[in-house]
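Notes for the one structure printed next.
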């Protein structure tokens, strides 16, 4: 490692890892057995402890923002399992986002032109703009309906196409015709006796890939006696931006959503995507330097509930029918480690008559999706995914359940590749099926 005299100090940036937070790490190493990249690579600098050493060296001016440093930071999944294991309460997720933002703001990355263009398209052109995402949805439906996807998946053609292209295709779910257009009203009135008013975060990619989950969520919230407000003006929560170092854009999106949900005047804000929920619950950290909005951000964060938390706090009052299924539940990292929500989704699933919840080894282990990680580090992501699928297959489930869109896509692709012919569903989809089963029975 360069000495302080030879290392070039990092340029001054808006964001960087907080030095006092770095010093909270006592280097005990209890995080190492929980770190997927350390388990796969066996390299100290690819463990939470090692990355904290590197971040501290940069902040102290003993190490530049070198390509080697950037690679170690980039290889982190950001799963935050180390936070759950840490006896000192080190908030590694915030440190990681600070390090990545510092790299971006210092304009240190040396990316090829195509990578720069893709990043610009994703973070500036698509995720913040619902209209652009709807265009993407149209193109994906055309790709699927035209037969082009079937052609790409043909074994003969798949052997000659670039591996990255076929891997991307495997991640895409089968979209029913016009699936992303399954609309939900801006205000859905409560059914029966009214219990309150909630805001619903519909997300940026959920309406394209998983509109049926959003639809089921809103229907169940209304059936449980809550007016449901889904503001049309809401935008991407900014989670993917923050994870990738684009914190200025994440703050812009956060400020917009604060205004939108502030005007909605709701009691609670319900989220069915774990990564979005973790981001919304940390808006107050993202905006803590904003004197005008830090207080409002804290108030909003305190009202955010994952959908499993919501139904745990306000139990579903309508009867649900039986589902005779063996279900393997896999914890989304940003629900378990980011929000410390573990038992609520399990209690929700156990509340369904006839459903058997089976234990899965390393259910708390990352699946390798991690935002856009499976796109920028596909080989390591696949190694982590293979380990996950082996454990899920050993549980011999009828259904795999998980509560985050990236996990749904990643595990579905892994199950298909390994010949595990079971659906991968959101827990709320199972509750909705049970709700419909009960209503059919009573007709």
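Taken together, the values in this text are just the output of simple stated rules run on the coordinates, not laboratory data. Quick caveat, the model's predicted, so the values are computed rather than measured. A quick note on method: Cβ atoms are made from the backbone with ideal geometry, for glycine too, and the neighbour counts reach across all protein chains shown.
Residue order for 12, 387, 100, fewest other beta carbons within 10 angstrom first, comes to 12, 387, 100.
What is the ratio of the Cα radius of gyration of the stretch 179-312 to 2.2 N^0.38 Å, where N is its residue count, to two decimals?
1.01
Its alpha carbons considered, the stretch 74-218 gives a radius of gyration followed by a Dmax of 20.3, 60 Å. At q = 0.07, 0.10, 0.12, 0.14 Å⁻¹, what is the log10 ratio I(q)/I(0) for the chain, with the Debye formula run over Cα points and no solvent? Reported log10 I(q)/I(0), two decimals: -0.35, -0.73, -1.07, -1.46. Roughly how tilted is helix 378-394, in degrees to the nearest 10 and between 0 and 90, from the longest Cα axis of the chain? On a 0 to 90 degree scale, this one is about 40. Report the FRET efficiency, 1/(1 + (r/R0)^6), for residue 340 and residue 129, where r is their Cβ-Cβ distance and R0 is 35 Å, rounded to 0.05. That pair, residue 340 with residue 129, gives E of 0.60. The gain in end-to-end length when the residue 351 to residue 88 segment is fully stretched comes to 91.1 nm, 0.36 nm per residue minus the alpha carbon separation.
I'd like the antiparallel share, as a percent to the nearest 5, of DSSP beta bridges with both residues in the chain. Percent antiparallel among DSSP bridges in the chain is about 10.
Working note: 222 nm ellipticity from helices only, DSSP H runs with n ≥ 4, each -39,500 (n - 2.57), summed and divided by the residues of the chain, gives -14000 deg cm²/dmol to the nearest 500. Applying 1/(1 + (r/R0)^6) with r as the Cβ-Cβ distance of residue 361 and residue 292 and R0 = 35 angstrom yields a FRET efficiency of 0.15.
Of the residues 188, 55, 206, the one with the fewest other Cβ atoms within 10 Å heads the list, and the complete ranking is 188, 206, 55. The modelled label-to-label distance for the pair residue 30/residue 191, using points 7 Å beyond Cα in the direction of Cβ, is 4.6 nm.
Length gained on full extension, residue 372 to residue 418: 14.4 nm, using 0.36 nm per residue less the C-alpha separation. Springs join every pair of Cα atoms under 10 Å in this Gaussian network model of the chain, and among 27, 289, 129 the largest mean-square fluctuation is at 289. Remark: the stretch 1-90 projects, on average over all directions, an area of 5.9 nm² (convex hull of Cα atoms). Model label sites at residue 252 and residue 439, defined 7 Å from Cα along the beta-carbon direction, differ in position by 4.1 nm.
Using a simple spin-label model with pseudo-atoms 7 Å out from Cα toward Cβ, residue 233 and residue 41 lie 4.4 nm apart.
Against the main long axis of the alpha-carbon atoms of the chain, helix 92-105 sits at an angle near 60°.
Between residue 115 and residue 394, the contour length at 0.36 nm per residue exceeds the Cα-Cα span by 96.7 nm. Return one number: the angle in degrees, 0 to 90 and rounded to the nearest 10, between the long axis of the Cα atoms of helix 211-223 and the longest principal axis of the Cα atoms of the chain. On a 0 to 90 degree scale, this one is about 60. Residue order for 68, 79, fewest other beta carbons within 10 angstrom first, comes to 68, 79.
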